[in-house]
Amino acid sequence: MIGLISGTSMDGIDVAVADLSIHGDVVELVPVQCAEHPFPKDLLEKPRDLAEVCAFDTSLGQAFGEVAAGYLPADLISSLGQTVHHEVQDGECLGTLQLGQPAWIAERTGVPVIADLRVRDVAAGGHGAPLASTLDALWLAGMDENAVALNIGGIANITVVRSGSAPIAYDTGPGNALMDAVVEVLSNGERRQDTNGEFASRGTVREDVLKKLLADPYYAKPWPKSTGKELFNAEYLQGFPTVQAEDMLRTLAELTARTIADACRAHDASTVVASGGGMRNPVLVDTLTKALDPIPLKISDSLGLPRDGKEAYLAALLGFLTWQGVPGNTPSATGASGPRLLGSITPGSGPLRLPEPVTTAVTKLKVGEPKCAH
């Protein structure tokens with residue numbers, strides 16, 4: 001399996017290669033390789049009209065296909081694509097749009113492609129997110145009581161895995177999105193992130209700004225809920241007091257850490273297992289560690305899934321489940337009316353031959369020993 005995704009930060013195309021199999025009620029995922037490839041520079045701006053949507057969909061599909069071709073042979077490719085819009089009003093997801101046309105991936109590789117994985121959950125009344133809840137619920141089953149999986153991309157999301165209860169998952173709020181927006185504006189588009197927390201490390205928290213940020217009604221909304229850059233973007237920060245860039249970035253790191261920690265405490269988290277690009281920012285990691293204390297913060301690498309590759313492995317897992325006839329959403333997390341097979345399948349160069357559907361429920365994910373270094 002090859003898994004592909006470009007996250008909300010649009011900082012790269014993530015790819016993961018995994019061997020997947022089902023044994024009874026256990027899915028085994030053996031990590032083979034994961035990497036990040038540069039995001040096409042000419043696609044860094046979201047499309048603004050139908051012509052640009054068409055060009056973006058085509059160009060990103062071609063870019064995904066080129067990346068995937070470098071990891072052949074494979075039996076199947078699964079792509080979560082690039083979310084360009086996620087429409088939520090009054091707590092209801094009205095639609096979601098991921099681009100990166102899978103036909104271009106199939107044409108370039110000759111391999112069947114599963115894509116458009118979120119929209120079926122949305123059609124069933126869910127938010128189509130966070131789909132990471134599927135991997136997390138299976139992966140952390142049997143771990144500490146109230147273990148929480150955390151992913152910090154452009155948006156931060158958690159999955160709460162509780163023994164004897166259905167998992168809970170939702171977006172807690174901004175991850176890197178607001179920090180990235182500030183850096184991009186300040187650098188006139190030359191930089192897209194505060195690499196290694198360079199600027200935030202020189203700043204101090206502005207409590208007046210933080211108080212205003214924390215007053216956003218999103219944080220108090222009940223779950224299931226989801227959000228995106230449609231809300232948390234550069235325009236969102238207009239109207240806040242003008243402060244030094246270093247102080248604003250340090251304050252935004254505090255916002256991300258505080259809202260994540262508040263959500264984890266609300267579920268009596270015993271352990272937090274974190275992944276995503278936000279874990280590369282030492283200022284954010286240190287701030288989050290302090291905000292969570294005494295709840296321990298672990299990195300997903302310690303449990304077998306690399307922090308930078310987890311979402312691409314998620315894409316591989318979701319495609320594999322669909323291929324095997326196993327629902328890939330977690331209704332208690334997304335809010336869907338029930339379990340659903342996710343995505344659409346684009347045939348490869350030959351006839352499409354699906355395996356016999358798996359009829360037993362899948363309840364666990366075993367991460368096997370990696371076949372090579374990441």
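The values are calculated or read from the model by the stated rules, or taken from the named source; none is laboratory data. On a predicted model such as this, the values are computed, not experimentally measured, just so you know. Glycine also receives a Cβ, built like all others from the backbone with ideal geometry; neighbour counts cover every protein chain displayed. Protein only, heavy atoms only, side chains kept; ligands, DNA and RNA dropped before computing areas. Shrake-Rupley method; radii C 1.70, N 1.55, O 1.52, S 1.80 Å.
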- Message: How large is the Rg to Rh ratio of the chain when both quantities use alpha carbon positions and Rh follows Kirkwood?
- Response: 0.95
- Add -39500 (n - 2.57) for each DSSP H run of 4 or more in the chain, then divide by its residues: what number comes out at 222 nm, to the nearest 500 deg cm²/dmol? -9000 deg cm²/dmol
- Near LYS229, which aspartates and glutamates are there with a Cα under 17 Å away, not counting those fewer than 8 places off in the same chain? ASP11, GLU45, GLU87, ASP90, GLU92, ASP171, ASP180, GLU184, ASP216
- Item | Cα-projected label distance for SER163 with LEU341, points at 7 Å along beta-carbon direction, nm | 3.6
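Take the Cα radius of gyration of the range 309-374 and divide it by 2.2 N^0.38 Å, with N its residue count; two decimals is plenty.
Numbers: Rg = 14.0 Å, N = 66, 2.2 N^0.38 = 10.8 Å.
Rg over 2.2 N^0.38 Å, computed on Cα atoms: 1.30.
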- Query: Based on the Cα coordinates of the range 95-173, what is the per residue volume of their convex hull in Å³?
  - Reply: 132
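Given a cut-off of 25 Å, name the pairs among LYS212/LYS310; LYS310/LYS364; LYS41/LYS212; LYS310/LYS366 whose C-alpha atoms lie farther apart than that in the structure shown.
Values: LYS212/LYS310 33 Å; LYS310/LYS364 17 Å; LYS41/LYS212 34 Å; LYS310/LYS366 14 Å.
With Cα atoms farther than 25 Å apart: LYS212/LYS310; LYS41/LYS212.
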- If the label point sits 7 Å along Cα→Cβ of LEU94, residues of the range 196-223 with amide N under 19 Å come out as 218
- How big, in percent, is the set of alpha carbon pairs in the range 2-53 lying more than 19 Å apart? 49
- Could you work out the equivalent-ellipsoid semi-axes for the range 58-217, taking the square root of 5 times each eigenvalue of the Cα gyration tensor, largest first, in whole Å? 30, 25, 17
- Item | Accessible area of the chain divided out per residue, in Å², using a probe of 1.4 angstrom | 42
- Item | Net length gained if the chain between VAL26 and GLU66 were fully extended (0.36 nm per residue, minus Cα distance) | 11.2 nm
- Message: Placing one identical point scatterer on every Cα of the range 253-355 and ignoring solvent, what is log10 I(q)/I(0) from the Debye formula at q = 0.22 Å⁻¹?
- Response: -1.16
- Percent relative contact order of the chain, based on C-alpha pairs within less than 8 angstrom and at least six residues apart? 26
- Message: Report D for the range 1-140 in µm² per second (integer): Stokes-Einstein, Kirkwood Rh on Cα pairs, 4 °C, 1.567 mPa s.
- Response: 81
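Leaving ligands, DNA and RNA out of it, report the carbon-plus-sulfur percent of the accessible area of the range 154-259 at a 1.4 Å probe.
Numbers: 2370 of 4690 Å².
The nonpolar share, carbon plus sulfur, comes to 50 percent.
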- Item | Centre separation in Å (Cα based) which lies between the range 54-130 and the range 22-38 | 19
- Return the whole-Å distance between the Cα centroid of the range 342-374 and the Cα centroid of the range 286-340. 16
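Evaluate the relative contact order of the range 85-137 (contact order divided by residue number), counting alpha-carbon pairs under 8 angstrom at least 6 apart; express in whole percent.
Working: 45 pairs, mean separation 15.8, N = 53.
Value for the range 85-137: 30 percent.
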- Task: Please compute the Cα-Cα pair-distance distribution of the range 177-221 with 5 Å bins starting at 0, giving whole percents from short to long.
- Result: 5, 19, 19, 23, 18, 12, 3, 0
